[in-house]
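Heads up: the structure comes next, in structure tokens.
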Amino acid sequence: RQARRDRRMERRNGAGAGPEGMIAEERDMRAGVSVEEMREMAANRAAPEARQSRRAERMARREQVWNEADANSNGSLDRTEFATLADSRHARRSNRRDTRFERQDTDGDGVLTLAELSARRIAMFERADADSDGMVTPEERRAARQSRRAERRQNRAN
């Protein structure tokens, strides 16, 4: 158990420490969660109404995709309809991958370099480091995550 803790500390404090390694939060090294930590996590969870609302949105999207795939509107998918559904899902994922690649290819040469990927990670770290002290606290990380989620929701709505 102690060896596991030591390895974890080496990873955190070793060559990957700082913005380059995205060492983002201090954690309790007991490999457990205290009652206080559990209460804090529960307090930060979304309200049941918000979770139900998001679930209803997901279910509506699934139903819409299903209805689009069910060409003969019989409530079930035959092999052809299923293949069409799989192909459309694959196309959407492929488009997302292409978009992600283009976003990360900052110089537009069609090749990703380690410098381009590292620059993106460092920029993410710097956005999360609200007080610019070179470390991201759990609170800063939580705030950055919530901010990114809000941006994504805004982008989806537009």
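FYI, it's all coordinate maths here, none of it is from the lab. The structure presented is a predicted model; accordingly, all values stated were derived computationally and were not measured. Counting neighbours? That spans all protein chains shown, and the Cβs are built from the backbone with ideal geometry, glycine included.
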- Message: If you take every residue apart from Ser88 with its C-beta less than 14 Å away from the C-beta of Ser88, what net charge results, scoring Lys and Arg +1 and Asp and Glu -1?
- Response: +2
- Taking R0 as 22 Å and r as the Cβ-Cβ distance between Ile122 and Phe101, the FRET efficiency 1/(1 + (r/R0)^6), rounded to the nearest 0.05, comes to 0.70
- Any chance you could list P(r) for the range 46-158, counting all Cα-Cα pairs in 10 angstrom bins from zero, rounded to whole %? 11, 24, 29, 23, 11, 2, 0
- Item | Per-residue ³J(HN,Hα) for the range 87-99, Karplus 6.51 cos²θ - 1.76 cosθ + 1.60, θ = phi - 60°, Hz, x for Gly and Pro | 5, 5, 5, 4, 4, 4, 5, 4, 4, 5, 4, 4, 4
